[in-house]
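Novice: So that we are looking at the same thing, I have put the structure below in structure tokens.
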Amino acid sequence: VEYQKHYYPGTREELVAKVKAQVSQKRFDHILGVEQAAIELAKANNFDVEAASVAALVHDYAKERSAEEFCNVIKAKGLAPDLLNWNNFIWHGVVGAEIIKDELKITDDTILNAVRHHTVGAPQMSTLDQIVYVADFIEAGRDFPGVSEAREIAAKDLTAAVSFETKHTLLYLLNGNKTIYPAAILTYNAYVAK
Ligand code: GDP
Ligand code: FE
Ligand code: FE
């Protein structure tokens, strides 16, 4: 993808280097896998591949930041105080978007919202939100029961893949007696419940 600088004020190679400097090799490989999957989903859904590439490359940019840093950002930016009761799984998207805005000079809300929504979704997800949410789940490096079915569904119907993924993730969390972030229920009600 040759960037036209609609979403990031630099080249793709510059953005890749900035992301690589922030994460482990394993996570970097995952991020490149998400970019590839997002570009394919963008093409299949007549969506802007540059936006898909930028959003995918930055989606886990803040994943390895400390709890202390996330809590400081939540307070400094006046984000919902309830966020302080959560953890890195929730913070790296919602709070990570603020870090991306400040450090990478990405200001476009379609990109930042795709980062904000990539872990638990949202009741009304844009096409880019859906592309990143699904690409994160089906990228080539993912290997878990159900991933082949998710890939098959995504190849035919992006929103059906959002539904499948939302239900799969919620079942996984319930089976493990994990806490459910309230927004995840709103995503379930919007994309799974009938
Ligand atoms: P990753 O950043 O590429 O590893 O993937 P995600 O951002 O999609 O997910 C990060 C983690 O958040 C995963 O381990 C999910 O199981 C977990 N997660 C997703 N939704 C919820 C939720 O509602 N509550 C909790 N506690 N964890 C969640
Ligand atoms: Fe993530
Ligand atoms: Fe990810």
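The values are calculated or read from the model by the stated rules, or taken from the named source; none is laboratory data. Just so it is clear, the model here is predicted, and its values are computed rather than measured. Please note: Cβ atoms are built from the backbone with ideal geometry, for glycine as well, and neighbour counts cover all protein chains shown. Protein only, heavy atoms only, side chains kept; ligands, DNA and RNA dropped before computing areas. Shrake-Rupley method; radii C 1.70, N 1.55, O 1.52, S 1.80 Å.
Novice: Report, by residue number, each residue of the range 53-80 that is under 19 Å from L15 (Cβ atoms) and either more than 16 Å from ligand 1 (Cβ to nearest atom) or open to solvent by 30 Å² or more (accessible area, probe 1.4 Å) (or both). Please lay out each step first, then the result.
Specialist: Of the range 53-80, the ones under 19 Å from L15 (Cβ atoms) are 53-65.
Those that are under 19 Å from L15 (Cβ atoms) and either more than 16 Å from ligand 1 (Cβ to nearest atom) or open to solvent by 30 Å² or more (accessible area, probe 1.4 Å) (or both): S53, V54, K63, E64, R65.
Novice: If we scan the range 88-98, do we find a residue that is within 13 Å of ligand 3 (Cβ to nearest atom) and either acidic (D, E) or open to solvent by 10 Å² or more (accessible area, probe 1.4 Å) (or both)? If you could, list the steps in order and put the result at the bottom.
Specialist: Of the range 88-98, the ones within 13 Å of ligand 3 (Cβ to nearest atom) are 88-89, 92-93, 96.
From what's left, either acidic (D, E) or open to solvent by 10 Å² or more (accessible area, probe 1.4 Å) (or both): 88-89.
Looking through the range 88-98, at least one residue is within 13 Å of ligand 3 (Cβ to nearest atom) and either acidic (D, E) or open to solvent by 10 Å² or more (accessible area, probe 1.4 Å) (or both).
Novice: Still on this model: Restricting attention to helices (runs of 4 or more DSSP H) lying wholly within the range 15-107, give those where 2 or more residues are of a type in the set (K, R).
Specialist: On the way: elements: 25-44, 49-58, 67-76, 88-94, 96-104.
Passing ranges, in order: 25-44.
Novice: For the range 173-186, which positions are more than 18 Å from N88 (Cα to Cα) and within 15 Å of ligand 2 (Cβ to nearest atom)? Explain how you work it out, then say what you get.
Specialist: From the range 173-186, those more than 18 Å from N88 (Cα to Cα) are 174-175, 185-186; that's our starting set.
Selection gives nothing.
Novice: Please note which helices (runs of 4 or more DSSP H) are completely contained in the range 112-194 and include at least 3 residues that are open to solvent by 30 Å² or more (accessible area, probe 1.4 Å). Spell out the reasoning first.
Specialist: Details: elements: 127-138, 147-156, 158-175, 182-191.
Those helices (runs of 4 or more DSSP H) span 147-156, 158-175, 182-191.
Novice: Pairs under 6 Å by beta carbon, first residue closer than 13 Å to K101 by Cα in the range 52-63, partner in a loop (DSSP other than H, G, I, E, B) and more than 11 Å from ligand 3 (Cβ to nearest atom), six or more apart or different chains?
Specialist: Going by the 6 Å Cβ cut-off, the qualifying pairs are V54/Y7; V54/Y8; Y61/Q22.
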